[in-house]
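Here's the structure, in structure tokens; my notes come after.
Where a number appears in this text, it was derived from the coordinates with a stated rule and is not lab data. This one's a predicted model, so the numbers in the text were calculated from it and none came from an experiment.
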Amino acid sequence: MPERSAGVRGSRRAVFLDRDGVLAEAIVRDDGKAYAPTRLDDFQIVPEAAVQVQRLREAGFLCIVFTNQPELANGLLRPDDLATMHQVMEEALALDDVYVCPHDKSEGCRCHKPATGMLEDAASKWDIDLASSFVIGDRWRDIGAGRAAGCYSILLDRPYSACDSADAVVATLTDAVDAVLRRARGA
């Protein structure tokens, strides 16, 4: 289990949302593994995403996407296709920001989850208190980054998740938002 850092202490609260498998449909292949869409035709926003992001915003949270996209480094995803996917996502959802790690995990960068670079950069830019913030993800890398940064981390349990260190485990994005709002109210 990753050790929690002291984190960046700001005055605002955020919910950091993974993209694929949380806000957009992941592509699960025959091998049981989930993959990010690499074609525009395959990029589909999860039906409940807009309503759930709006619930978070109405509760006073910043909504920030943080996503590993190693397909850029591997040449499987064109930068202009990624930009179009994110434009579609931002038009559909009331997001405050989107952070992308374009590196392959072998590059050892500070932003590839489970590293905390994207969370720390967002905390600095948006004056976020990471200890009062949340991560919603569908894989161990999302949860590892969130816990290492000091965020309360919620796993959307999927057959491919491979995670046993989340603060909470739920079935749907709606359940995850319910968990955020309950915890924020102290319930």
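Relative to the longest principal axis of the C-alpha atoms of the chain, give the angle of the C-alpha long axis of helix 49-58, reported between 0 and 90° and rounded to the nearest 10°. Tilt relative to the chain: about 30 degrees. Its Cα gyration tensor gives the range 1-146 an equivalent ellipsoid; the semi-axes, largest first and in whole Å, are 23, 19, 14. Full extension of the chain segment joining ASP81 with ALA50 gains 9.0 nm, where the gain is 0.36 nm per residue of separation less the Cα-Cα distance.
Rounded to the nearest angstrom and listed largest first, the equivalent-ellipsoid semi-axes of the range 49-112 from its Cα gyration tensor are 26, 14, 7.
The share of C-alpha pairs in the range 122-172 whose separation exceeds 14 Å stands at 45 percent. When only alpha carbons are used to place a centre, the range 9-67 and the range 90-149 end up 12 Å from one another. By the rule of a C-alpha distance below 23 Å, with chain neighbours fewer than 8 residues away ignored, the lysines paired with LYS33 are LYS105, LYS113.
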